Amino acid sequence: METHVLDRPPEGANADWTVPQDWAAYTPEEHAVWDTLFERQAKLLPGRASQRYLRGLDVLKLSKPGIPDFEELSERLMKLTGWQVVAVPGLVPDEVFYEHLANRRFVAGNFIRRADQLDYLQEPDVFHDVFGHVPMLADPVFADYVVAWGEGGLRAMRHNAIHRLARLYWYTVEFGLIEEEGALRIYGSGIVSSHGESIFALDDPSPNRLGFDLERVMRTEYRIDDYQQNYFVIPSFEDLLRVTVKTDFAPLYAKIDKLPDIPIAEILPGDRVIIRGTQDYARSKAAG
């Protein structure tokens with residue numbers, strides 16, 4: 001597969017890295033890949049995904065067959081939360097990413113994985129970006145959180161703290177869990193767009209499920225090549241937004257810089273342990 005990780009805007013891209021989605025250029029085979037992925041996840045997620053994610057999936061009409069047209073999707077999303085979806089050729093530089101999010105523009109890859117790549121893709125494609133992320137952007141509270149995170153990213157660059165904020169994004173927007181009606185539910189895009197991790201995150205005894213703490217999360221390492229060994233659980237999206245908006249991050253970065261990183265899967269004495277994992281999955285992968 002050709003790489004979509006770039007260090008400069010490709011020919012034909014705008015200065016902000018956006019490109020036309022070129023929806024008419026998608027092949028029937030590419031639309032079929034979307035439909036296969038959508039059908040599989042749509043059957044799995046009720047009872048697993050946050051109600052706010054499922055509501056977003058419904059109000060944005062993502063069940064319509066084929067890869068969504070970003071113009072139509074943005075029109076519906078703008079009416080709900082002021083966000084729009086813009087196409088990019090692949091992963092973009094940090095500053096470009098933060099700038100778009102801070103201005104309520106979600107960047108989505110305009111390519112889709114092949115039919116033989118349904119279960120794993122190294123770089124985020126249109127299914128991960130749109131099916132995984134965009135339904136939560138239809139929720140006003142979470143939409144505001146992502147704006148605050150984008151604004152925070154621009155400030156973090158001045159403090160050389162990008163990796164700290166990346167961990168916050170990873171453990172919330174990408175791989176977050178929430179407590180709803182006495183049960184754990186998934187909302188992170190990396191989980192809801194993955195058939196295997198949608199099951200693993202809630203059902204497998206291996207990973208830890210820990211209560212969310214901002215400082216703890218920003219000190220915690222993560223991995224990008226397999227299922228997570230830690231999931232952090234927020235009590236509500238309102239709480240997540242509140243702590244993000246009210247925290248003065250500059251002194252927090254300075255404090256954390258004097259502390260060691262926390263290894264994956266480690267449990268600290270002050271952690272709120274919701275489920276202590278066995279870590280059997282991680283050990284089996286390491287052994288084999």
Checklist entry - Residues that are open to solvent by 40 Å² or more (accessible area, probe 1.4 Å) and not hydrophobic (A, V, I, L, M, F, W, C): which strands (runs of 3 or more DSSP E) entirely in region 169-260 hold 1 or more of them? => result 177-180, 183-186
Next on the checklist: Condition check: open to solvent by 10 Å² or more (accessible area, probe 1.4 Å), β-branched (Val, Ile, Thr), more than 23 Å from Ala13 (Cα to Cα) and part of a helix (DSSP H, G or I). Does Val141 satisfy that?
Outcome noted: yes
Item to check | Cβ pairs under 6 Å, 6+ apart, first in region 253-280 and of a type in the set (Ser, Thr, Tyr), second open to solvent by less than 50 Å² (accessible area, probe 1.4 Å) and part of a loop (DSSP other than H, G, I, E, B) | outcome: Tyr253/Ala161; Thr278/Ser206
Checklist entry - Looking at region 161-182, which of its residues are among the small types (Gly, Ala, Ser) and out of contact with any helix residue (DSSP H, G or I) (no Cβ under 9 Å at 6 or more places or on another chain)? => result Gly182
Item to check | Number of the condition not met by Val96 [criteria: (1) assigned to a helix (DSSP H, G or I); (2) under 25 Å from Arg114 (Cα atoms); (3) open to solvent by less than 50 Å² (accessible area, probe 1.4 Å)] | outcome: (2)
Item to check | Exclusive hit being in a helix (DSSP H, G or I) and open to solvent by 30 Å² or more (accessible area, probe 1.4 Å), set His163, His133 | outcome: His163
Next on the checklist: So, in region 13-37, exactly how many residues are in a helix (DSSP H, G or I) and either open to solvent by less than 30 Å² (accessible area, probe 1.4 Å) or among the hydrophobic types (A, V, I, L, M, F, W, C) (or both)?
Outcome noted: 7
Item to check | Qualifying positions in region 56-70 - open to solvent by 20 Å² or more (accessible area, probe 1.4 Å) and either modelled with pLDDT under 95 or outside any helix (DSSP H, G or I) (or both) | outcome: Lys61, Ser63, Lys64, Pro65, Asp69
Next on the checklist: Looking for something touching a helix residue (DSSP H, G or I) at 6+ places or on another chain (Cβ under 8 Å) and within 30 Å of Arg155 (Cα to Cα) - is there at least one such residue anywhere in region 56-63?
Outcome noted: yes
Checklist entry - Inside region 21-80, can you point out the residues that are farther than 21 Å from Asp125 by Cα, among the hydrophobic types (A, V, I, L, M, F, W, C) and without any contact (Cβ under 8 Å) to a residue 40 or more places away in the chain? => result Met78
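The values are calculated or read from the model by the stated rules, or taken from the named source; none is laboratory data. If you're wondering where the values come from, they're calculated on a predicted model, not measured in any experiment. Don't worry about glycine lacking a Cβ; one is built from the backbone with ideal geometry, like all the others, and counts go over all protein chains shown. Keep in mind that these areas ignore ligands, DNA and RNA; they rest on the heavy atoms of the full protein, side chains included. Shrake-Rupley method; radii C 1.70, N 1.55, O 1.52, S 1.80 Å.
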